[in-house]
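The values are calculated or read from the model by the stated rules, or taken from the named source; none is laboratory data. None of the values given here were measured: they were computed from a predicted structure. Cβ placement follows ideal geometry from the backbone for every residue including glycine, while neighbour counts extend to all protein chains displayed. Heads up: the accessible areas ignore ligands, DNA and RNA and are worked out on the full protein's heavy atoms, side chains in. Shrake-Rupley method; radii C 1.70, N 1.55, O 1.52, S 1.80 Å.
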Amino acid sequence: MSKKVLVISSSPRRGGNSDTLCDQFINGATESGHKAEKIFLKDKKINYCTGCGLCNTNDYTACSQNDDMKDILEKIIASDVIVMATPVYFYTMCGQMKTFIDRFCSRYTHITDKDFYFILTAADDNKDALERTAEEFRGLLACLDNCTEKGILYGTGIWKRGEVNSTTLPEQAFDMGKSI
């Protein structure tokens, strides 16, 4: 059965290491007959959550912001598989990803029954150093109904653009996408 896969790339560099792994995940997923789309957060206008509370008064269906987040959340709700990729800066997800996650407030009760995959890349070569970021993603999943972590790709020891291509990580991302 074909699944709808939505890949969220928060890399500030198109073709950066985490973004490259997103593309490989998509290649694996489409080779297996799934439909995949990538959203590059850098190309979107996503404002910070203002904490206005409008979503709390409207069954989590409204937001006071007028930006690209509404359309992205609709795509998340319509997808079966969500992939979230971030470079790891100072042992945490990048700011683009955190701002994106904070804006789930207006629709988070409608994001149910999804499989999630996470792609993390960092200069640090110790996988344990990325666990803090993995836990941040797990915090998001703890707020969603019947959403499951299906896999994490830890891209350690890569910093400069393109370094990922001299590792086995692209193959691992391809295989992960193919296995969904």
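If you take the residues of region 159-180 that are among the basic types (Lys, Arg) and touching a residue at least 12 places away in the same chain (Cβ under 8 Å), which of them is farthest from Val81 (Cα to Cα)?
The extreme case among them is Arg161.
Mind checking whether some residue in region 39-59 is part of a loop (DSSP other than H, G, I, E, B), surrounded by fewer than 19 Cβ atoms within 10 Å (Cβ to Cβ) and of a type in the set (Val, Ile, Thr)?
yes
Would you call Ile101 in contact with a helix residue (DSSP H, G or I) (Cβ under 8 Å, 6 or more places away or on another chain), under 30 Å from Leu54 (Cβ atoms), open to solvent by less than 70 Å² (accessible area, probe 1.4 Å) and of a type in the set (A, V, I, L, M, F, W, C)?
Criteria met by Ile101.
If we scan region 6-17, do we find a residue that is open to solvent by 60 Å² or more (accessible area, probe 1.4 Å) and under 13 Å from the mean Cα position of the chain (by Cα)?
Checked against the condition, which is being open to solvent by 60 Å² or more (accessible area, probe 1.4 Å) and under 13 Å from the mean Cα position of the chain (by Cα), region 6-17 yields no hits at all.
Kindly evaluate Arg161 against the criterion of being more than 25 Å from Asp43 (Cβ to Cβ) and not small (Gly, Ala, Ser).
Considered against the rule, which asks whether it is more than 25 Å from Asp43 (Cβ to Cβ) and not small (Gly, Ala, Ser), Arg161 comes out as no.
Give the residues of region 152-173 that are surrounded by fewer than 17 Cβ atoms within 10 Å (Cβ to Cβ) and of a type outside the set (Asp, Glu), sorted by residue number.
Scanning region 152-173 gives Gly157, Trp159, Lys160, Arg161, Gly162, Asn165, Ser166, Thr167, Thr168.
Would you check if Glu149 is exposed (fewer than 15 other Cβ atoms within 10 Å of the Cβ) and part of a strand (DSSP E or B)?
Judged against the criteria, Glu149 is a match.
State all residues of region 70-91 that are assigned to a strand (DSSP E or B), open to solvent by less than 40 Å² (accessible area, probe 1.4 Å) and of a type outside the set (A, V, I, L, M); if no residue qualifies, say none.
Within region 70-91, Thr86, Pro87 meet the criteria.
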